[in-house]
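None of the figures in this text is laboratory data; all of them are computed from the coordinates on show. No experiment lies behind these values; they were computed from the predicted model shown. Note: ideal-geometry Cβ built from the backbone for every residue, glycine included; neighbour counts use all protein chains shown.
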């Protein structure tokens, strides 16, 4: 029924195409080449990285199928897209016409191609089915891993934007039918894409083989099975696949017409079978895929923030060490100042025996508090001494009570002593009593030492404040590192392992070489073991090629980072 519809459709459509107002004549051929006029706009606004090219006007009453095409640069995606468009337009081989919606192939697949994602929408009034094709730029080209990361970000925008794509009918890996092995670059591409989707998408993954001669692609299928790529499988457990020749717009002559006609028919049959497959109720919402993309972006952010924190921590630690050394040096200087010794001449009072010739004149009344001689040659008891008035002495400085006095044959005399005092002792004495006439020392040296001591004390106080702040900053960084490590670990183990189609993809494994040593530093042995087990599983043969390709870039970056950190520690 489908075939008869296409025949009826094509009989009238060949005339319609040659005079179609929405196509620009490009080349006489044969086949004549036309460029479809499309309404072009950018889903992401001024950033112009997610674009939509629409041909025709959508009829909401007709079913629209959404497919995502992914392949290595040079796999033949451009011709494949245009082949599908010609099928929808109803173009037959004998019409000697070929329509393209893409830019020129040599421009799209050049090494300088843009990294924008293009959504092609094709709405043909005469066809009950419309098609939306999401074309990703070639993964794994010379622009490198950073560009591939950008593609993932653009897909997040496409899947999350209100005007974007919210469901998908098929994820199509485009590869050459002639391949007998999956290269490291292609395996990297497959991992890059698989890592973006949720577990619910596996039954929607199919293969589109280009440059096929029509024979069963035994070697290519064997390579897919060996690489253990998750995909939809047929009743014989073979990966579901479709064959294309990619010669639809090759210039025709009498010698090649039969071969090119066969190639065209093979493409039509494959597209018909492919669209029939899409009629199954196997459409998937992209919500889980969007969740996976967000979790991967979260992981990237955690690792990026961790890499920023580590050199910051190293610099703070280095600064703290310098401050602590300065504090120690200042404390040594302070101690040196405080231990500086002064020779101090001081006058003291001592009691000595009276040396009067006559015994009756030897007794004196003295004040023990004021250390003063109050009454020489005193015959009376202190309470009755004539210098006492109302029980208090009228002579001593303190006018002390008579009970503080004693009458004996001793008297107070002033003597001068030379003693050694440290700056600290002298300073305390100085501050306690103030400078007294009885004390004599080198004031100039004292002022010099005092100024130096005060300066070192202030510097020490300032540095101590800095030290406290640095310690606080380091504690904060350590806490942030712990939180980021926990978040990264939980993103891998709890989130991606639950929802991602491929939690141990190369995009995840590349971060483990960085995270595992940091978990060891934190003493998270169980977490470290879990990630090591994940890495071990991922480093099996099926992943080695992808890992080798991605680590060509990330390994150099990680080594540069580790060497930089190690250099700062030395």
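A compact table of results
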| read-out | value |
| --- | --- |
| Order of 417, 284, 294 - criterion: other Cβ atoms within 10 Å of each residue's Cβ, fewest first | 417, 294, 284 |
| Gain in span if fully extended, residue 287 to residue 486, counting 0.36 nm per residue against the direct Cα distance | 69.2 nm |
| Residue 258-residue 61 FRET efficiency (beta carbon distance; Förster radius 60 Å; 0.05 resolution) | 0.90 |
| Least to most buried among 450, 192, 258, 460 (fewest other Cβ within 10 Å first) | 258, 450, 460, 192 |
| Two-site FRET efficiency, residue 525 against residue 233, from Cβ-Cβ distance with R₀ of 41 Å, rounded to 0.05 | 0.50 |
| Added length on full extension, which subtracts the Cα-Cα distance from 0.36 nm per residue, residue 455 to residue 419 | 10.2 nm |
| Residues 421, 175 arranged by fewest to most Cβ contacts within 10 Å | 421, 175 |
| Translational diffusion coefficient (Stokes-Einstein; Kirkwood radius from C-alpha pairs) of the range 340-447 at 10 °C, 1.306 mPa s, in µm²/s | 100 µm²/s |
| Packing-based order for 50-57, 177-184, using average beta carbon neighbours within 10 Å, highest first | 50-57, 177-184 |
| Cβ-Cβ FRET estimate between residue 160 and residue 22, R0 fixed at 30 Å, reported to 0.05 | 0.45 |
